[in-house]
Amino acid sequence: MNRISRPLQFLLVALCVMFGATASAKKPPQEWDGLSLVKLKGMDAAYARPGADFTIYNKIIIDPIQVAFAKGWDKEETFSKRKLSAEQLEEIKGKIAKVAQEAFTDVLGDKGGPQVVTAPGPDVLRFSAAIIDVWPNAVDTMEPGRSYVFTTSAGSATLYAELRDSETGQLIGRVVDAREARNGGDFRWTNSVENTHEARLMVSEWARILRKRYEALREAAGKGDTTANQ
């Protein structure tokens, strides 16, 4: 089962209190758990521990991605309007988690990025993420006799992710971003294949933003820019 860990549950409750119903609903605080707000283009909010040196890390552990539906989402199959079973909901969350895990691993660990490993070490970051407030606009259970559903977007979700030193567990970074799947204004057939594709695109974009920041920090460090971690 894809259950959210107890520490992440506590932090996600705090996230909802601090940012409102969605992560981008309010202006983010300047400080959060000893972290300071920093600029990171493409993210609603990003935080870093003052003085933390991200450039000492060239490896990364990617924990299993956690998934949670939005509280107000109507858990039913789009066409039949039948309530989805607990097993079907877990299956959907499992698919999203698998796609997210693959996307983060592929993008972050691609050539030139940090090596994806499984064991802690002095040069290893631990990446823990949850995709919350997941709101699919159309759920297709792929049952025989289903009808077509057309939407302008596959849905929306919020990324909540933390970076920690893998040995000490010290929190050194956090990002939050809420976004909607591609919305070109044109109606298109939304099914499980389309939803999976859109989920992969969304997560890959988050991963690319983090990868770009990682590369910028290392490049700046190589030039002797001590302000790069700010």
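The values are calculated or read from the model by the stated rules, or taken from the named source; none is laboratory data. The model shown is predicted, which means the values in this text are computed figures rather than measured ones. All Cβ positions, glycine included, derive from the backbone under ideal geometry; neighbour counts span all protein chains shown. Ligands, DNA and RNA are excluded from the accessible area calculation, which covers all protein heavy atoms including side chains. Shrake-Rupley method; radii C 1.70, N 1.55, O 1.52, S 1.80 Å.
For the stretch 102-136, a residue qualifies if it is open to solvent by less than 30 Å² (accessible area, probe 1.4 Å), assigned to a strand (DSSP E or B) and within 14 Å of A161 (Cβ to Cβ), and the qualifying residues are L125, F127, S128, A129, A130, I131, I132. Within the stretch 137-183, the set of residues being modelled with pLDDT of 90 or more and loosely packed, with under 14 Cβ neighbours inside 10 Å comprises E167, T168, G169, Q170.
All conditions but one from (1) surrounded by fewer than 21 Cβ atoms within 10 Å (Cβ to Cβ); (2) within 21 Å of Y160 (Cβ to Cβ); (3) modelled with pLDDT under 95 apply to V99; the one that does not is (1). Filter the stretch 184-230 down to the residues that are over 22 Å from I132 (Cβ atoms), modelled with pLDDT of 85 or more and of a type in the set (G, A, S) and list them by number. The one that is over 22 Å from I132 (Cβ atoms), modelled with pLDDT of 85 or more and of a type in the set (G, A, S): A216.
Scanning the stretch 13-52 for residues that are open to solvent by 80 Å² or more (accessible area, probe 1.4 Å) and either at pLDDT 90 or above or under 25 Å from S204 (Cβ atoms) (or both), we see that the one that is nearest to the chain's Cα centre (by Cα) is K41.
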